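The values are calculated or read from the model by the stated rules, or taken from the named source; none is laboratory data. Only a predicted model underlies this, so the values are computations on that prediction, with no experimental measurement involved. Counting neighbours? That spans all protein chains shown, and the Cβs are built from the backbone with ideal geometry, glycine included. Please note that ligands, DNA and RNA were not included when accessible areas were found on the heavy atoms of the full protein model with its side chains. Shrake-Rupley method; radii C 1.70, N 1.55, O 1.52, S 1.80 Å.
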Amino acid sequence: MDAELNGMPSGLSAVEVRERLDRDGWNELPSSKKRSWVAMLIDVVREPMFLMLIACGLIYLLLGSMEDALMLLGFVVVMIFIAVVQENRTERALETLRDLTSPRALVIREGRQQRIAGREVVRDDIILLAEGDRVPADAVLLFSSGLSTDESLLTGESFAVSKRSRQDDAGPVPQGDEAERSSVYSGTLVVKGRGMARVLETGLRTRIGMIGAALHGLEPEEGLLQKQMRRIVQTISIYSVVLCVIVAVAYSLTRHDWLNGLLAGLTLAMATLPEEFPMVLLIFLAIGAWRISRHNVLTRRLTAIETLGAATVLCVDKTGTLTENRMSVRKIHAGGGFYDLDGHEAGLPEAVHETVEYSILASPPDPFDPMEKAMRELGERALANTEHLHRDWELLKEYQLSEHLLAMSHVWRSKTGNQMVIAAKGAPEAIFDLCHFDSGRLASLQAAVEQLASDGMRVIGVAKALFGKSPLPEEQHDYDFTFVGLLGLEDPVREGVPEALQECRDAGMRMIMITGDYPATARRIGEQIGLPETEQLISGTELEGMDERQLDERIASTSIFARVQPGQKLRIVQALKKRNEVVAMTGDGVNDAPALKAAHIGIAMGARGTDVAREAASLVLVDDHFDSIVQAVRMGRRIYDNLQKAMAFILSVHLPIAGMSLIPALLDWPLALLPAHILFLELIIDPSCSIVFEMEREEAGVMKRPPRRLDEALLGRKVLVRSLVQGISIFLAVLTVYALMTLNGYGEGESRMIAFTGIVIGNLGLIFSNRSWNESMFRSMKTPNKALWWVTGGTLFFLCIVIGVPFVRELFRFSAPQWQQLPPALFLSMICFILPDIVKRPLFRAFFQG
């Protein structure tokens, strides 16, 4: 890293940012064009349901019934409006999620570092880049340290391109090869090193904008539920077409009326066509993703929502997820002794001062990492007005942390000395390796490390060296390091984690803590949060030496993996999946990406995660809090439960409609339902299944039951039997009353009106009953749901208009209501309303759960 780090620029002010936004606009490319209302309208009208409605309208015109044709047209307009509103609501939810999951940028504004959305970056912003970041805009490097980028998005070449900073940022913009070497481009990926750059172009003016590339966003993917839904729709559609043909042919042959026969067949097809299923699934997943985002969890892939309720294992990073990631140095081992700080830094020996001094020199001048911030804060307090703070020294070289050596070093040149000073910090074993200790010294220091770790502290080793020759060596091992001391950093457990962990256990989920800390540190944190079986621990070294069979045996009872390298997470995920576990894995680094991709639910850290991790993950945890994961699981179970209820309602509600369209046609009775009746009922069904059930709160005890199987059918045996019993019960009740009235001299209009009223009230009964499968409908009425009462009130209001207003009543082919019709109407309405709830009583419940 260049010496310019010491003169960190202050960046733009808020006023300057606003001026550039007003002038240049947002830093974004046009996403896939948002569908217009006209496009949505065309898509809706092309649906089979609306094509059949148009066919029914044409048949009415051929039959000379202009009133019926116009009424159908009115219903079509209303239903199209509802469908377009639902589609627009879904698109807005998906658009919101695209914005929330867009790449982020770390910028310097008004003298401090800020994490902002990538679209908010403006020209002349100072951006900080690190390994795993997606470059937010075209920029010129002010300085860099071993920076390389993957520019395959622009060039098609997958190899890393080395970058170096410009020598004179104030001069003219370089051209040719020099420009390429000192420039980073929007959308490219930092694969190594870090740097600072000044933004030159944003949005469409970037190189990726000029060649017309599109950013990857959140798109609906086909998951298990979508595949199940496609099979369900295909199966029901086949039966629907077959029944439609049977009714049309039977009606035409028995009554010698082909036009009305075709009308009867189309009526039955409209009654059985499952057009609500796909839209309801998309609405539930899209709106569900929006609801989950309110719990600080962003959804990058909608398929993750259906998987949340099936998660059996949560593999969680310790730092920042279970703990606050708010480090403080609590204890130092130096000069052979331990020194507790606890805010009392006065009177500490010189060995402690030296340990703090070199820990600061081994850290960036303007640290972002909480651990390095804690070291600098301690130095500002303990070393103020001493010779141990070196703000005027020049940073010459930086040796990065690597997977093979978990230590980093900085080479400094003082203003007065002739020799260069090297400060190193890192994992104690890496520092011991750099110092080349013998076994005796190694054992004594290892005991000190264990003592600090047993107190739940993260342990960092510090070393120093001097170097007088030039050029500087390429490896840290080429320096003659002297050990300085150990720092014990404390990271307190987040508030609410023990309670959230207990909720996980109650819900039948295991939690596995994965950390790079020492086993003793991990055990202490595990005990603090209430993690069971903390003695069952596997270290990274042990994991490296295990074969697949040994790992399979141990992982079933292991709650902690300590001293784990990021690359080993993938093996943990694979071992758990081999045991048929549904795995949720958290991660934040570049090396975590394979594990996040392999897990059923990859969860990237939003606050400290790299863009690579975010892109590999299904979910992004905004606040990095474990409790947010648990809340997302709770919400995932609620969404799945409510989706299942909505599907059961759709299946149940179509049975009496289909039955009353089929049986009268086959038995040569007057038709009970006409297309207008089907449309009226659809106006109840659509908002009920897509709004009422989506807004329903979770069942009591939703986190007290084990996870569902991942391959569990959405319409499994229990749900299917419940739906059939509910639907057939209403159908038989309506059919019985309709048959008695038809066979005992009641007029066609009277019988039709009573049957229609029974089906409408039965629909409402299904809505109220299916709100909860554990409580009676009367008890669940205490749970608020505004949409429920709007749908109920609207249904009853329009039912009164259909029956009470003469013009509308005639269009529906009803007769004027008479007092003698009141007893059968009330009886049928009461039966149809309570029948769906009766199937939840103990006798039926025992059958369902058997």
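Looking for something modelled with pLDDT of 90 or more and not hydroxyl-bearing (Ser, Thr, Tyr) - is there at least one such residue anywhere in the stretch 565-572? Before you say what the answer is, go through the steps one by one.
Step one: of the stretch 565-572, the residues modelled with pLDDT of 90 or more are 571-572.
Checking the rest, the ones that are also not hydroxyl-bearing (Ser, Thr, Tyr) come to 571-572.
Yes, that holds for at least one residue.
If you go through the stretch 806-827 one residue at a time, how many are surrounded by fewer than 11 Cβ atoms within 10 Å (Cβ to Cβ) and not in a helix (DSSP H, G or I)?
Number of matching residues: 1.
Please work out if Arg571 is under 15 Å from Cys315 (Cα atoms), part of a helix (DSSP H, G or I), of a type outside the set (Val, Ile, Thr) and open to solvent by 10 Å² or more (accessible area, probe 1.4 Å).
Yes; evaluated as a whole, the condition is true for this residue.
If I filter the stretch 293-304 for residues that are in a helix (DSSP H, G or I), open to solvent by less than 10 Å² (accessible area, probe 1.4 Å) and touching a residue at least 40 places away in the same chain (Cβ under 8 Å), do I get at least one hit?
yes
If a residue must be among the hydroxyl-bearing types (Ser, Thr, Tyr) and at pLDDT below 85, how many such residues does the stretch 626-667 contain?
1
Of the conditions (1) open to solvent by 30 Å² or more (accessible area, probe 1.4 Å); (2) over 24 Å from Thr267 (Cα atoms); (3) outside any loop (DSSP other than H, G, I, E, B); (4) touching a residue at least 40 places away in the same chain (Cβ under 8 Å), Ile803 satisfies every one except a single condition; which number is it?
Result: Ile803 passes all but (2).
Exactly one condition in (1) surrounded by fewer than 20 Cβ atoms within 10 Å (Cβ to Cβ); (2) in a helix (DSSP H, G or I); (3) modelled with pLDDT of 85 or more is not met by Leu683; state its number.
(3)
Any idea which of (1) surrounded by fewer than 18 Cβ atoms within 10 Å (Cβ to Cβ); (2) among the aromatic types (Phe, Trp, Tyr); (3) at pLDDT 90 or above is the one Phe432 doesn't satisfy?
All conditions pass for Phe432, except number (1).
Right, Ile514: within 28 Å of the chain's Cα centre (by Cα) and within 19 Å of Ala617 (Cβ to Cβ) or not? So that I can check it myself, show each step before the final result.
Details: within 28 Å of the chain's Cα centre (by Cα): yes; within 19 Å of Ala617 (Cβ to Cβ): yes.
Spelling it out, Ile514 is indeed within 28 Å of the chain's Cα centre (by Cα) and within 19 Å of Ala617 (Cβ to Cβ).
Tell me, which residue of the stretch 322-352 that is assigned to a helix (DSSP H, G or I) and over 15 Å from Thr521 (Cβ atoms) is least open to solvent (accessible area, probe 1.4 Å)?
Val352
Mind checking whether some residue in the stretch 90-104 is under 30 Å from Met279 (Cβ atoms) and either at pLDDT 75 or above or not in a helix (DSSP H, G or I) (or both)?
Checked the stretch 90-104: at least one residue is under 30 Å from Met279 (Cβ atoms) and either at pLDDT 75 or above or not in a helix (DSSP H, G or I) (or both).
Which members of the stretch 383-418 meet the condition of being surrounded by 16 or more Cβ atoms within 10 Å (Cβ to Cβ) and among the hydroxyl-bearing types (Ser, Thr, Tyr)?
Tyr399, Ser409
Does any residue in the stretch 459-475 that is open to solvent by 60 Å² or more (accessible area, probe 1.4 Å) come within less than 6 Å, Cβ to Cβ, of a residue that is modelled with pLDDT of 90 or more and among the aliphatic types (A, V, I, L, M) six or more places away or on a different chain, and which pairs are these?
none
Regarding the stretch 697-705, can at least one residue be identified that is within 25 Å of Val582 (Cβ to Cβ), of a type in the set (A, V, I, L, M, F, W, C) and out of contact with any Lys or Arg (no Cβ under 7 Å at 6 or more places or on another chain)?
yes
Among the residues of the stretch 668-680, which ones are open to solvent by 10 Å² or more (accessible area, probe 1.4 Å) and at pLDDT 85 or above?
Of everything in the stretch 668-680, those that are open to solvent by 10 Å² or more (accessible area, probe 1.4 Å) and at pLDDT 85 or above turn out to be Trp669, Pro670.
For the stretch 532-559, name all the residues that are in contact with a helix residue (DSSP H, G or I) (Cβ under 7 Å, 6 or more places away or on another chain) and in contact (Cβ under 8 Å) with a residue 40 or more places away in the chain.
Passing the criteria: only Ser559.
Considering only residues of the stretch 608-639 that are open to solvent by 10 Å² or more (accessible area, probe 1.4 Å) and closer than 22 Å to Met279 by Cβ, which is nearest to the chain's Cα centre (by Cα)?
Of everything passing the filter in the stretch 608-639, Met635 is nearest to the chain's Cα centre (by Cα).
Under 7 Å by Cβ, and 6 or more places apart or on different chains, what pairs join a residue from the stretch 252-263 that is farther than 15 Å from Leu667 by Cα with one that is among the β-branched types (Val, Ile, Thr)?
Short answer, once both residue conditions are applied: Leu259/Ile59; Leu262/Ile59; Leu263/Ile59.
Can you spot a residue in the stretch 361-377 that is among the polar types (S, T, N, Q) and more than 20 Å from Asn325 (Cα to Cα)? Steps first, please.
Initial filter on the stretch 361-377 (among the polar types (S, T, N, Q)): 363.
Narrowing further to those that are more than 20 Å from Asn325 (Cα to Cα): none.
No, every residue in the stretch 361-377 fails to be among the polar types (S, T, N, Q) and more than 20 Å from Asn325 (Cα to Cα).
Provide a single number: the residues in the stretch 476-500 that are in contact with a helix residue (DSSP H, G or I) (Cβ under 6 Å, 6 or more places away or on another chain), open to solvent by 20 Å² or more (accessible area, probe 1.4 Å) and modelled with pLDDT of 90 or more.
2
I want to confirm something. Restricting to the stretch 641-654 and keeping residues that are open to solvent by 10 Å² or more (accessible area, probe 1.4 Å) and under 16 Å from Leu285 (Cβ atoms), which single residue is farthest from the chain's Cα centre (by Cα)?
Checking each candidate, the answer is Gln644.
Restricting attention to the stretch 514-560, and to residues there that are small (Gly, Ala, Ser) and touching a strand residue (DSSP E or B) at 6+ places or on another chain (Cβ under 9 Å), which single residue is most open to solvent (accessible area, probe 1.4 Å)? Before the answer, list the steps.
Step one: of the stretch 514-560, the residues small (Gly, Ala, Ser) are 516, 520, 522, 526, 530, 539-540, 545, 556-557, 559.
Retained after the next criterion (residues that are touching a strand residue (DSSP E or B) at 6+ places or on another chain (Cβ under 9 Å)): 516, 520, 522, 526, 539-540, 559.
Working: Gly516: 38, Ala520: 19, Ala522: 0, Gly526: 0, Ser539: 20, Gly540: 5, Ser559: 10 Å².
Taking the candidates together, the pick is Gly516.
Scanning the stretch 106-123 for residues that are out of contact with any Lys or Arg (no Cβ under 6 Å at 6 or more places or on another chain) and part of a loop (DSSP other than H, G, I, E, B), which turns out most open to solvent (accessible area, probe 1.4 Å)?
The selected residue is Glu110.
Taking the stretch 11-28 as the region of interest, how many residues are in contact (Cβ under 8 Å) with a residue 24 or more places away in the chain and open to solvent by 80 Å² or more (accessible area, probe 1.4 Å)?
Result for the stretch 11-28: 1.
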